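Just so it is clear, none of the values below were taken in a lab; they were calculated from the coordinates. Here the structure is a predicted model, which is why all the values come from computation and not from measurement.
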């Protein structure tokens, strides 16, 4: 909570033009069927009704992991993440999808501010060096604060 408060105080004087420079990013997992979470139904001891039971799908139905970004100008390229993600894979996403987004909107790398959460792959030395070498400023983001990221509402 303190970190979010400090973030808010640090950006209190930012104008709309400052926020227009930010490219927000995130990963998400989309399940084909159902949820990863537990679901509960309260009953009075009677037999469960059909709507209270989630029927099983053979092999779980599958899921899709995606990385995407959001600019002031709109949403942009998605990257399908197959398997586990490491710093090399993430740099590949940045080289492809992030750079395509910057080009598509005719933005200057030096003018943008890139937002990413504090996942270890995002803060890895290799990734930080890539961002520095490409003159991309990273927005210092408070830990465990997905609710501050507008991409969460897409």
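Data table
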quantity: Kirkwood hydrodynamic radius over Cα pairs of region 78-146, then Stokes diffusion coefficient at 4 °C and 1.567 mPa s, in µm²/s; calculated: 102
quantity: Additional length obtainable on full extension of the chain from residue 17 to residue 143, 0.36 nm per residue less Cα span; calculated: 42.9 nm
quantity: Rel. contact order, % - alpha carbon contacts under 8 angstrom, at least six apart, the chain; calculated: 28
quantity: Angstrom value of the Kirkwood radius, inverse mean 1/r, which spans all Cα pairs in region 59-108; calculated: 12.1
quantity: Area projected by the alpha carbon convex hull of the chain, averaged over all directions, nm²; calculated: 12.8
